[in-house]
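Participant: Got a structure for you, questions after.
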Amino acid sequence: MLIQRLPESQEGSQRVTSATKPLTIGQLARLTGIAAKNIRYYESIGLLPSPERTRNGYRRYNQADVNRLTLLRRLRLLGVPLGELSPLLNGASNARCIEVLQDLHPLVAGRLAALDQEIAELEQLRVQVEQYQHQLVNCHPDEHEPFSACLDTSCIALSDEVMPRGGIP
């Protein structure tokens, strides 16, 4: 379940529930680890419903908001884009905890697949950077030739990108 504990400095280890008094935005920020300005932003883009307000306009948050923001923060830390969070968070409002967790499985699996793809691309890039570093170490251009007139591009391009000797055809 996504119920969070209050920090030890605040009433021991009491759980926040719908029976406890509502939270201010500052309390919610401390509890979830999300800055107040980000909480307002998430509200403005619809990832967090507009909370109840006091007569003087202060926002008042409840356990559902704590759970929603805790889930949002976890998924953002995993690199899930904001655009992918809206359907899940909106559906979570009236869902049971188990249903939300079941909905998380394909989202997390998709994130893992995306990470695997990014890792494969980074591994390819690393090979290219290593090749280029090796090229640079073994490159010995004419010391007096200005860069703008250099006809030997083998030192500045990867080996398979080298233009024909003599410059642009």
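The values are calculated or read from the model by the stated rules, or taken from the named source; none is laboratory data. Keep in mind the model is a prediction, meaning the values are calculated, not measured. Cβ atoms come from the backbone with ideal geometry, glycine included; neighbour counts cover every protein chain shown.
One line per residue, one yes/no per condition, for (1) in a helix (DSSP H, G or I); (2) out of contact with any Leu (no Cβ under 8 Å at 6 or more places or on another chain):
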residue	(1), (2)
N67	yes, no
G79	no, no
G83	yes, yes
L89	yes, no
E99	yes, yes
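Participant: Now a separate question. Does L104 satisfy the criteria of being assigned to a helix (DSSP H, G or I) and surrounded by 12 or more Cβ atoms within 10 Å (Cβ to Cβ)?
Facilitator: yes
Participant: Does G46 count as on the phi > 0 side of the Ramachandran plot and either touching a residue at least 40 places away in the same chain (Cβ under 8 Å) or surrounded by 18 or more Cβ atoms within 10 Å (Cβ to Cβ) (or both)?
Facilitator: Here the answer is yes, as G46 does meet what is asked.
Participant: Residues of the range 88-101 being loosely packed, with under 15 Cβ neighbours inside 10 Å and farther than 17 Å from S50 by Cα, which ones?
Facilitator: Narrowing the range 88-101 to residues loosely packed, with under 15 Cβ neighbours inside 10 Å: 90-91, 93-99, 101.
The answer is A95, R96, C97, I98, E99, L101.
Participant: Another question about this same structure. Given the structure, is Q10 modelled with pLDDT of 90 or more, of a type outside the set (D, E, K, R) and not in a strand (DSSP E or B)?
Facilitator: Working: modelled with pLDDT of 90 or more: no; of a type outside the set (D, E, K, R): yes; not in a strand (DSSP E or B): yes.
No: the conditions fail for Q10.
Participant: Here are I119, I39, I34, I45: which of them is under 18 Å from the mean Cα position of the chain (by Cα), of a type outside the set (D, E) and within 30 Å of C155 (Cα to Cα)?
Facilitator: I119
Participant: Tally the residues that are crowded, with 19+ Cβ neighbours inside 10 Å and acidic (D, E), restricting the search to the range 25-43.
Facilitator: Adding up the residues that qualify gives 0.
Participant: With the requirement that a residue be among the hydrophobic types (A, V, I, L, M, F, W, C) and either under 21 Å from Q124 (Cβ atoms) or at pLDDT 75 or above (or both), what does the range 134-169 give you?
Facilitator: Of everything in the range 134-169, those that are among the hydrophobic types (A, V, I, L, M, F, W, C) and either under 21 Å from Q124 (Cβ atoms) or at pLDDT 75 or above (or both) turn out to be L136, V137, C139, F147, A149, C150, C155, I156, A157, L158, V162.
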